[in-house]
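This report concerns only the one structure given below.
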Amino acid sequence: MSQYKNLLGFVVWDGHQLANGDFAGSSFRNGRRTYLPAPCPDTSNINLWNILRNNIGKDLSKVSMPVELNEPLNTLQRMCEELEYSELLDKAAETEDPFERMVLIAAFAVSGYSSTYYRAGSKPFNPLLGETYECIREDKGFCFFSEQVSVRCPSFLTLLFFHFQDVRWKNKFWGKSMEILPIGSRLLWFCRFGDHYEWNKVTTCVHNILSGRRWIEHYGEITIRNTKSSACLCKLTFVKTAAPLFYCLTCSRLCDGSRGKSDPQAFWEMARRPLLWCSMPTDYEMYYGFTRFAIELNELCPELKDVLPRTDARFRPDQRYLEEGNLEMAASEKQRIEEGQRVRRKWNEENNIKHEPRFFK
């Protein structure tokens, strides 16, 4: 293996890096697992109406759901999953042209939605207050650190050497659908060029919550701007659809900020170059619609057990039991953990104790 310097000059190791979705006889060559210990459970016998009918208009993050509706990842890990195509940022860091660099960043912003089409049937676990997740990927050249910093709203921070985000959201249940309204922004620094990019996320809506095939759509506008330069501005518009589609992206514009002009044709000419995402594994339906990268996120290797903090999401017993297919223990642990958090929250409120994050301020 050879070593190289990342965007901030830190030395990291560059092992053999595979393209995402690169199969070799249904196995991979990076040493990580290629499937989960057990397939996802059958949820056809769960009557969501009995659970949700009394919670219309409420924040569903505070409503206890059957563990069968979860996937064996939590929200901190789902944020890490959005870095599956981080190589787009590696390319952007080496691109001199500010317009092409903006296109690569736009491709990265869109790639975070790549697997959502296949994930409408389950939801991630809610992180506990103070829960963390750390992911160091020498093969992809990044380090990821996150911490749940608030209980009342599911907000948290994530940090890489060059990428930072403060993500919060609100849920709205409308009877047959649920909207997830994002708050906060994502920040990206390129020290080589002195660039500081910011962008938002769009609204996500899950349809057919109570019956029929559940499907997800995204709508709204992503605006990507470089706060250190007015050379260009990018807007990506996700439009509402009437049927389950992978996504509908239109009205994409790459604007010349110095001239105040918009050139959508130039955007699509350059956007043809980067690969946004690859095909799903052949057995994705068996494993919660996970990509190969998602399958690896909750893996707890023996060498990690002694070095990870006990607050890491990989040590969540309810999540681990679900991954292993032990639904009875997963449900029992989920109830115990959620009840314990409610008790701690009540105690803190009664004693006017404010939680202080350990790793972020």
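Condition first: open to solvent by less than 30 Å² (accessible area, probe 1.4 Å) and without any contact (Cβ under 8 Å) to a residue 24 or more places away in the chain. Now tell me which residues in the range 179-219 satisfy that.
Across the range 179-219, the qualifying residue is only TYR219.
Tell me which residues, restricted to the range 131-162, are at pLDDT below 55 and touching a helix residue (DSSP H, G or I) at 6+ places or on another chain (Cβ under 7 Å). Show your work before the answer.
Applying the first criterion (at pLDDT below 55) to the range 131-162 yields 153-161.
PRO154, PHE156, THR158, listed by residue number.
In the set PRO274, PRO302, which member is modelled with pLDDT under 90, open to solvent by less than 50 Å² (accessible area, probe 1.4 Å) and of a type outside the set (A, V, I, L, M, F, W, C)? Outline the logic, then answer.
Numbers: PRO302 fails: open to solvent by less than 50 Å² (accessible area, probe 1.4 Å).
Of PRO274, PRO302, the one residue that is modelled with pLDDT under 90, open to solvent by less than 50 Å² (accessible area, probe 1.4 Å) and of a type outside the set (A, V, I, L, M, F, W, C) is PRO274.
Being of a type in the set (S, T, N, Q) and either in contact with a Lys or Arg (Cβ under 9 Å, 6 or more places away or on another chain) or open to solvent by 60 Å² or more (accessible area, probe 1.4 Å) (or both) is the filter here; which residues of the range 227-240 pass it?
Kept after step one, since they are of a type in the set (S, T, N, Q), are these residues of the range 227-240: 227, 229-230, 237.
Correct list: THR227, SER230, THR237.
Can you run down the residue pairs with Cβ atoms below 7 Å, 6 or more apart or on separate chains, where the first is in the range 67-80 and closer than 14 Å to TYR321 by Cβ and among the polar types (S, T, N, Q) and the partner is open to solvent by less than 10 Å² (accessible area, probe 1.4 Å) and in a helix (DSSP H, G or I)?
Here the result reads ASN70/LEU322; ASN74/ALA313; ASN74/GLN319, each pair linking the range 67-80 to a residue that is open to solvent by less than 10 Å² (accessible area, probe 1.4 Å) and in a helix (DSSP H, G or I).
Residue by residue, here is whether (1) in a helix (DSSP H, G or I); (2) open to solvent by less than 40 Å² (accessible area, probe 1.4 Å); (3) within 25 Å of ASP318 (Cβ to Cβ); (4) modelled with pLDDT of 90 or more holds:
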position: TYR4; (1), (2), (3), (4): no, no, no, no
position: TRP13; (1), (2), (3), (4): no, no, no, no
position: ARG29; (1), (2), (3), (4): no, no, no, no
position: ASN45; (1), (2), (3), (4): no, no, yes, no
position: LEU76; (1), (2), (3), (4): yes, yes, yes, yes
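Name the residue, out of GLN319, GLN341, that is closer than 27 Å to THR34 by Cβ, part of a helix (DSSP H, G or I) and of a type outside the set (A, V, I, L, M, F, W, C). Walk me through how you get there before you give the answer.
Values: GLN341 fails: closer than 27 Å to THR34 by Cβ.
From the options GLN319, GLN341, the qualifying one is GLN319.
The values are calculated or read from the model by the stated rules, or taken from the named source; none is laboratory data. Worth saying up front: this structure is predicted, and the values here are computed from it rather than measured. Ideal geometry is used to build each Cβ from the backbone, glycine not excepted, and the neighbour counts take in all protein chains shown. Areas reflect the complete protein model, heavy atoms only, side chains present, ligands, DNA and RNA absent. Shrake-Rupley method; radii C 1.70, N 1.55, O 1.52, S 1.80 Å.
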